[in-house]
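The values are calculated or read from the model by the stated rules, or taken from the named source; none is laboratory data. What you see is a predicted model, and the numbers here were worked out from it, not measured in a lab. Reconstructed Cβ throughout: ideal geometry from the backbone, glycine too, with neighbour counts over all protein chains shown.
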Amino acid sequence: MAPKVNGASVAGEDWPQWRGSRGDGVSSESGWRSKFEAGRPPIRWRQKVGIGYAAVSVNGGKLYTAGWSDGKDVISCLNTDTGERIWTHEYRAPRFEKNHKGGPAATPAVDDGRVYTLSREALLICLDAQNGEVKWQKKLNELYRVDPPRWGFAGSPVVHGDMLLVDVGRIIAFDKETGREFWKTRNYGPAYSTPQPFRTGDRELLAVFPKAGLVILEASTGREVAAHQWLTSYGVNAATPIVDGNRIFISSGYGTGCAMLELTDKGLRVVWENKEMRNQMPTCVLMDGHLYGFDDKVLKCLDVKKGERVWAQRGLGQGALTAAGGKLIIMSEDGELQIVDTSPGGVKIEARVKVFNESHCWVMPVLAYGHIYCRSPGGELVCLNVRP
């Protein structure tokens, strides 16, 4: 259900889970403003939501995110237009402040009146989207004997059909309504990435990226279809796999690099591999035959067919990004939002506004119904109005 302004529905689309409804980080929303009047940043509201790196999900005029405050994880539901808090759900949780400010990292998923969240310790909770009441919850670390990795679990829950998918080393599929287990895999090691459902031919598959590398699973059973070893320092594969037809792009930081792999009848074949894109945390977006993302602290554009660099732009640090209408919406590491034209010839900045006076701003901005939502690690959530 679209939100309304002065009784009229606002054009746009929901952003119900990590990287949007399709999991590609690209919004199909159009008609939003990509240029701001000089000296007048379009900030609509600010709200405190707790320390953390969870992005937001938007559905039916409500926004959902997670943060940490006073020894507790706090799941918040806010009004998208006003920032007013509608409800919260809290539980005791460690902060996991290792080399960053800590707090939850998984983005809530919203579907059919339910909200799903996953903590750093693998507490999976299903809440009523209207009032925050617990419908069911599971301590996955105890049930499946998986220990939180060095920085705690960071992959987001994903709704796919009637399934809820999570990666906690084991990839597990639950009935989204009851929490009943459909299937589980063996333990692939520390998990920071989010599963990506995709379809090729008549097959429904999942691309997952745990410590062991890229693994392709059959969505209905969890059966392993193919795998490609991809080892990284500290066992960190954090970026979400990007699917382009029967090809899957993966990227990792710590000097590792990236690869494009093709799924064939004989398994996964390397199409190209290089060190031009090292996604330590934020995931790239794929638009119009080009990959855009942060190679460590350099924003880059790569040709998706060959993996060759098209352009590079310094000065943004290790930021995060999303895309819509042929534009990149970028949050720099030091808290500046930029909207840029994604011409393969280079970067043309159309708008910029300093949103946060913080470092380590690694959370992906989200566009939904003419609002851009930005999140700082210190716990400030900002809404910018980019409606026409």
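Could you please tell me which pairs satisfy a Cβ distance under 8 Å, a separation of 6+ or placement on different chains, a first residue in the stretch 27-47 that is touching a residue at least 40 places away in the same chain (Cβ under 8 Å), and a second residue that is exposed (fewer than 11 other Cβ atoms within 10 Å of the Cβ) and of a type outside the set (Gly, Ala, Ser)?
Hits for this filter: Gly31/Pro388; Trp32/Pro388; Arg33/Pro388.
Give all pairs with beta carbons closer than 6 Å in which a residue from the stretch 224-238 that is farther than 20 Å from Pro197 by Cβ meets a residue that is assigned to a strand (DSSP E or B) and of a type in the set (Ser, Thr, Tyr); count only pairs at least 6 apart in sequence or on separate chains.
Short answer, once both residue conditions are applied: Thr232/Ser252.
Please specify each residue of the stretch 335-388 satisfying the condition of being within 22 Å of Thr80 (Cβ to Cβ) and among the β-branched types (Val, Ile, Thr).
Ile339, Val353, Val355, Val363, Val366, Ile372, Val382, Val386
Read through the list (1) surrounded by 18 or more Cβ atoms within 10 Å (Cβ to Cβ); (2) within 24 Å of Ala324 (Cβ to Cβ), then give the number of the only condition that Leu261 fails.
Leu261 satisfies all of (1) surrounded by 18 or more Cβ atoms within 10 Å (Cβ to Cβ); (2) within 24 Å of Ala324 (Cβ to Cβ) except (2).
Among the candidates Ile242, Ile248, which residue alone is out of contact with any Pro (no Cβ under 9 Å at 6 or more places or on another chain) and either surrounded by fewer than 16 Cβ atoms within 10 Å (Cβ to Cβ) or touching a residue at least 24 places away in the same chain (Cβ under 8 Å) (or both)?
Numbers: Ile248 fails: out of contact with any Pro (no Cβ under 9 Å at 6 or more places or on another chain).
The match here is Ile242.
Is one or more of the residues making up the stretch 189-197 within 19 Å of Cys126 (Cβ to Cβ) and either crowded, with 21+ Cβ neighbours inside 10 Å or among the β-branched types (Val, Ile, Thr) (or both)?
Checked against the condition, which is being within 19 Å of Cys126 (Cβ to Cβ) and either crowded, with 21+ Cβ neighbours inside 10 Å or among the β-branched types (Val, Ile, Thr) (or both), the stretch 189-197 yields at least one hit.
Check the stretch 42-62 and report whether any residue there is small (Gly, Ala, Ser), over 24 Å from Cys284 (Cα atoms) and part of a strand (DSSP E or B).
no
Tally up the residues in the stretch 26-54 that are out of contact with any Phe, Trp or Tyr (no Cβ under 7 Å at 6 or more places or on another chain) and under 18 Å from Pro377 (Cβ atoms), please.
5
Tally the residues that are over 23 Å from Ile86 (Cα atoms), crowded, with 22+ Cβ neighbours inside 10 Å and not β-branched (Val, Ile, Thr), restricting the search to the stretch 151-162.
4
How about the stretch 300-326: which of its residues are crowded, with 20+ Cβ neighbours inside 10 Å and under 26 Å from Gly31 (Cβ atoms)?
Hits for the stretch 300-326 are Cys301, Gly319, Ala320, Leu321, Thr322, Ala323, Ala324.
What's the total number of residues in the stretch 167-196 that are in contact with a Gly (Cβ under 7 Å, 6 or more places away or on another chain) and not in a loop (DSSP other than H, G, I, E, B)?
The number of residues fulfilling the criteria is 6.
What number of residues within the stretch 324-354 are part of a loop (DSSP other than H, G, I, E, B) and either modelled with pLDDT under 95 or out of contact with any Leu (no Cβ under 8 Å at 6 or more places or on another chain) (or both)?
Qualifying residue count for the region: 10.
Name the single residue that is farthest from Leu124 (Cα to Cα) among those in the stretch 30-78 being modelled with pLDDT of 95 or more and among the acidic types (Asp, Glu).
Going through the qualifying residues, I end up with Asp70.
With respect to Val56, determine if the residue is out of contact with any Lys or Arg (no Cβ under 8 Å at 6 or more places or on another chain) and β-branched (Val, Ile, Thr).
So Val56 fails the test.
Mind checking which strands (runs of 3 or more DSSP E) fall wholly inside the stretch 63-150 and carry at least 1 residues that are crowded, with 20+ Cβ neighbours inside 10 Å?
It comes to 72-79, 85-92, 109-111, 114-118, 123-128.
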